[in-house]
Every structure is written in structure tokens, then in C-alpha cells.
Amino acid sequence: MKRPIGRLVGTARYTPSKVLTNAELERMVETSDDWIRERSGISERRIASDEETIAHMGNVACRQVLEEAGLGPPDVDALIVATATPDRLLPSQACDLQAILEAKNAAAFDVTAACSGFLYGLSVAEGMLASDSARTILVVGAERLSRVTDYTDRATCILFGDGVGVALVQPAENGDRGILATYLKSDGTLGDLLYRSGGGSVQPPGDELTRDRGFYIKMAGREVFKAAVLSMADACDVALQRAGMSGEDVDLLIPHQANVRIIEATAKHAGIPMSKVVVNVDRYGNTSAASIPIALDECVRSGQVSEGSIVLFVAFGGGFTWASAVVRW
Ligand code: ACO
């Protein structure tokens, strides 16, 4: 087994305090608490206020993880933000966060891989450590999906929530703790199963965008579900194979939190009992790139992840993208 190059030395999260329950959604669209919980496993999700921009939420989480590691913003060499819902399209979300965080020595850039974005960012961070171009890296998964969710579309508005999670990544320093394997994959031919047509340079602001509700996420749920199950299975297989492990070696599976049925199918495929699988989709819904770092931070703080734990991360998202990582904590 290769010696790890990078290690996750700390985590933090920011989840807005405002809760949107299934009961409230019942009053907004034709749906029911039973339907939502049975089909997705979601009971409630968090919704950011006007002040809770991604830069704001990211700033709070990043300052916390740095402080807990005995570091400050000037120590950060690189700030990588994975998001599909930046505060604005230009400059990058990472630059807006870099400014408010006062990380004045950091390179800053976004990674766009939808729900797989955090794991993509982690892999990029590992590459930066390998090339010695950075030694202290913040990988942030951040979303404000409520701003691009169509609350008249019952097929999507029940799913999404807001939040931010961050991991502090540093060199593994010749130990055996750290990132043991990563895997990134994509299939752009499936892009039209989950997309937002507006906000880019093809569909400018105007009547067509308004008529098509092109600013909002559109999704073919059933097709996404099927593709997700297959890609999550592939992601488990390849990361475990690259780490020289099987499902039996895994202490904890932290999957992207999209739908509890997708999570159960993934765990079954990997041969990992549900007692070793992290599920918080019931409380946060799908927070896309933020879901894995939020879940990880909960596990670190509760002691579910501790020194030496073998953790398998696996995600899929719009693009399509999928990704995985095996870490010895
Ligand atoms: N309430 C009640 N009925 C509903 C609702 C709702 N909120 N939404 C859809 N329905 C209806 C449909 O209209 C359909 O009715 P019909 O049979 O009369 O046509 C019926 O329920 C079944 O609809 P399906 O879409 O087949 O339901 P499914 O079991 O697939 O569950 C769900 C839908 C939860 C969206 C599921 O498909 C899913 O989770 N898909 C994956 C979504 C996902 O993971 N996205 C992640 C990527 S996010 C990112 O990258 C940002």
C-alpha cells in the first residue's frame, strides 16, 4: 500500500438554523410527509437566510477549523471551494471567501463537480501536496441550493438544503494516517438528467429564461436515481481496490446524502452493514458538495471517527460525476 501524501487534520461545518420541515412543504406543493420520507428518507432540511451567503458560512467554518488546529488565515496556502451554487459567478466563490477570511497568502479557486465536488477538491488538494505547491489547504464543500430550487416543483423542492463543511488538509508526514486512495469519474452524456440552463452564457437573462424557469434546477429523478446507484457502486469498488481493501475493512462509510435508498443500495453493494453507514439526509436533505464534509464533521465531533478509523467516502452528482476516497483517520 502506498504511503499517504495528505491527511485530513481537522473539520468544521456551518448549517443554517432555519429548518424547513416536510409539514411546511405540504403547504407549499402537493406532497406528503409520508411520501417524502418513504421515497427519500428526508424529514427536514436547513435554509440559509439572506445574510448566510456561502462566503459568510464558509468564513465561520474555515475560521473554526483553523483555530482548532492552532493556525490562522495567513497560514492557508490554498483555498478550494466545491460548489454548484456560488454567491456570484465572477469572481470565483473561493476568491470571495478568501477576501472575507483574510487568507492573504492563499491560492483560491472553485471546483465544479456538483455533489462529488468535495471529493474532487480533496483529490486536487492531494495533488498540490504531492507537487509541494501547497502545504496547508482548506477544502470547502458549500451550497445554498434553496436559492436555485423551484418551490413550485414538488419533484425537486423536497430534496435540497443549504450548508457548508470544510476539511483542513496537510502533508501526511510519513505516517500511515491519511488519504489512501481517490477515484474521480464523469459521464457528461448524462448532463441533461440534472441541470440548470440559466445563469451561464448560453441562456442570457430575458423572457425565455423566465418562461422556462431556467434559473432553477431541473431533474429527471428516476433516471438520476438509477445512474446514481450504478456510479456509487463503481466508486466504492475502485477506491477500495486502489486501497487494497474490501468492504470488510471499512469502519465507516460516509456517502453523499441524496436519498436513503441510494445509500442503502451502495452499502449493500460494498458489503458494509448499515450500522457502519452514516445517514443524516433525514435532517439536512441533499446539500450537494457540502453533504460529505458536514457528515464527516458530525462523525469526528461525536467520536464515530477516531484515530485509525478506515473511512470510505463516496459521492455522485450532476454532470454526471462520481468520486470516492479511502482515508485512514
Ligand atoms: N410528492 C408526491 N408525489 C410526488 C412527488 C412529491 N414530492 N414528487 C414526485 N411525485 C410523484 C410523481 O409525479 C410520480 O407520479 P406518477 O407515478 O403518477 O407519474 C410518482 O410520485 C413517482 O415519481 P418518481 O420520480 O418515480 O419517484 P421516485 O421513487 O423515483 O422518487 C426521488 C423520487 C425521491 C426524486 C428519487 O427519484 C431520487 O431521489 N432521485 C435521485 C435524486 C438525486 O439523488 N439527485 C442528486 C443529485 S443532486 C445534485 O447533483 C445537485
- prompt: Of the listed peptides 75-88, 100-113, 134-147, what is their order by residue-averaged count of other C-beta atoms within 10 Å, with the highest listed first?
  reply: 134-147, 75-88, 100-113
message: What's the ranking of 316-327, 240-251, 17-28 by average number of surrounding C-beta atoms within 10 Å, highest first?
response: 316-327, 240-251, 17-28
query: What is region 218-329 by shape, rounded, prolate or oblate, if you read a ≥ b ≥ c off the alpha carbon gyration tensor as root eigenvalues and call it rounded for a/c under 1.5, prolate for a/b larger than b/c, and oblate otherwise?
result: oblate
- request: With the cut-off at 20 Å, report for region 160-214 the share of all Cα pairs above it, as a whole percent.
  value: 61 percent
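Normalised radius of gyration for the chain, please: alpha carbon Rg relative to 2.2 N^0.38 Å, two decimal places.
That works out to 0.94 for the chain.
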Simple spin-label estimate for GLU307 and ASP150 in nanometres, 7 Å along Cα-Cβ: 5.2 nm
- prompt: Over region 194-329, what relative contact order in percent results from Cα pairs under 8 Å that are six or more residues apart?
  reply: 26 percent
field: Local electrostatic count, ALA69, Cβ distance below 12 Å [Lys/Arg +1, Asp/Glu -1]
entry: -1
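None of the figures in this text is laboratory data; all of them are computed from the coordinates on show. Just so you know, these numbers come straight off a predicted model, no measurement behind them. Here Cβ is always computed from backbone atoms with ideal geometry, including for glycine, and neighbour counts include all displayed protein chains.
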